[in-house]
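The values are calculated or read from the model by the stated rules, or taken from the named source; none is laboratory data. Just so you know, these numbers come straight off a predicted model, no measurement behind them. All Cβ positions, glycine included, derive from the backbone under ideal geometry; neighbour counts span all protein chains shown.
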Amino acid sequence: MGKVILVASGKGGTGKSTSAAALACALTELGRKVVCLDADAELRNLDLCLGLSDCAVMDYGDVLAGRCSIADALTPSREYPALSLLAAPLEPAEGCAEALIPALTQDFDYCLLDCPGGLSAASQWAPWADLALVVAATDPCSQRDAARAAQVLDEHGLHTARLLINRVSRRFLRSAQATLDDTIDSVGLQLIGYVPEDQSVALALAMGKPLLTLSRRGAAAAFRRIARRLDGQSVPLRR
Ligand SMILES: Nc1ncnc2c1ncn2[C@@H]1O[C@H](COP(=O)(O)OP(=O)(O)O)[C@@H](O)[C@H]1O
Ligand SMILES: [Mg+2]
């Protein structure tokens, strides 16, 4: 049975889609078979982060409507043979999780769910996930919203959550006289890793390529370390 990882945040724009895509690529580099499901039906952009912009012909709305099978709705990655995207329909659909997750976990080692910002998706997907990655930046709004998201996920039965701190800027932390520990304390979750602010994230998007195909340093290196931790390896945290 594959593992279902829900990538969530309270605040929008913290880097959920970036993280879900990069971790999916990194997990396939470790030999795993991975599906990335866009659970953000209204603002879907996971395809962009995977270098699959507008490649999806079918989505899971088509599966739910009986127009195709799950296998037909998967869009394979060009760069990562063991990675597929399951695209979202334009309109949010009811009953997605129960229709999709049991089948996906039969076929894939990891199913990464890229959730919308806010708390609305929690009730739908949380009961089906094994682990939540709560993505937050180091600013106070992001921290407070991440703490609330973790609480709501817990209320919906997802009790295992880790904090991924994204867009870390040493310069900002110095100016704000803040540390990563402040963010960890404020959110109240165990840290799975932090990812630096890195221009190659925007560059990869602009080039239509997955981040990990462009870089071995910075954010790409951080996501690779986090993927190894997710996959059960012991990888020391670098502060
Ligand atoms: N580590 C990073 N360094 C620089 N830019 C980043 C980083 N992570 C995300 N971004 C940028 O932040 C914006 C929001 O990221 P995205 O993954 O779409 O967030 P979300 O899915 O949470 O709304 C995008 O423009 C993305 O390129
Ligand atoms: Mg997103």
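Scanning the stretch 145-158 finds one or more residues that are away from ligand 1 (no atom under 16 Å from the Cβ), within 20 Å of Ala20 (Cα to Cα) and not in a helix (DSSP H, G or I). Taken together, Thr213, Thr183 contain a single residue that is within 15 Å of ligand 1 (Cβ to nearest atom), outside any loop (DSSP other than H, G, I, E, B) and more than 17 Å from the chain's Cα centre (by Cα), which is Thr183. Looking only at residues of the stretch 78-137 that are away from ligand 1 (no atom under 16 Å from the Cβ) and polar (S, T, N, Q), we find that the one that is surrounded by the fewest Cβ atoms within 10 Å (Cβ to Cβ) is Gln106. Taken as a whole, the condition of being touching a residue at least 12 places away in the same chain (Cβ under 8 Å), touching a Phe, Trp or Tyr at 6+ places or on another chain (Cβ under 7 Å) and farther than 30 Å from Ala65 by Cβ applies to Val168. Within the stretch 23-79, the only residue that satisfies the criterion of being free of Cβ contacts under 8 Å to residues at least 24 places away in the same chain and among the hydroxyl-bearing types (Ser, Thr, Tyr) is Ser69.
Quick grid of which residues meet (1) surrounded by 17 or more Cβ atoms within 10 Å (Cβ to Cβ); (2) of a type in the set (D, E, K, R); (3) within 24 Å of Gly232 (Cβ to Cβ):
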{"position": "Pro140", "(1), (2), (3)": "no, no, no"}
{"position": "Gln143", "(1), (2), (3)": "yes, no, no"}
{"position": "Ala146", "(1), (2), (3)": "yes, no, no"}
{"position": "Gly157", "(1), (2), (3)": "no, no, yes"}
{"position": "Asn166", "(1), (2), (3)": "yes, no, yes"}
{"position": "Ser175", "(1), (2), (3)": "no, no, no"}
{"position": "Asp181", "(1), (2), (3)": "no, yes, no"}
{"position": "Asp185", "(1), (2), (3)": "no, yes, no"}
{"position": "Ala202", "(1), (2), (3)": "no, no, no"}
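The set of residues in the stretch 209-234 that are among the hydroxyl-bearing types (Ser, Thr, Tyr) and either touching a Pro at 6+ places or on another chain (Cβ under 6 Å) or touching a residue at least 40 places away in the same chain (Cβ under 8 Å) (or both) contains only Thr213.
The rows are residues; the columns are (1) surrounded by fewer than 19 Cβ atoms within 10 Å (Cβ to Cβ); (2) within 8 Å of ligand 1 (Cβ to nearest atom); (3) within 30 Å of Pro140 (Cβ to Cβ).
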position	(1), (2), (3)
Ser19	no, yes, yes
Cys25	no, no, no
Asp38	no, no, yes
Glu42	yes, no, yes
Asp54	yes, no, no
Val57	yes, no, no
Ala65	yes, no, no
Ala71	yes, no, no
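On the stretch given as the stretch 111-131, residues that are more than 15 Å from ligand 2 (Cβ to nearest atom) and assigned to a strand (DSSP E or B) total 2. Scanning the stretch 1-38 for residues that are assigned to a loop (DSSP other than H, G, I, E, B), modelled with pLDDT of 95 or more and away from ligand 2 (no atom under 16 Å from the Cβ) yields a total of 5.
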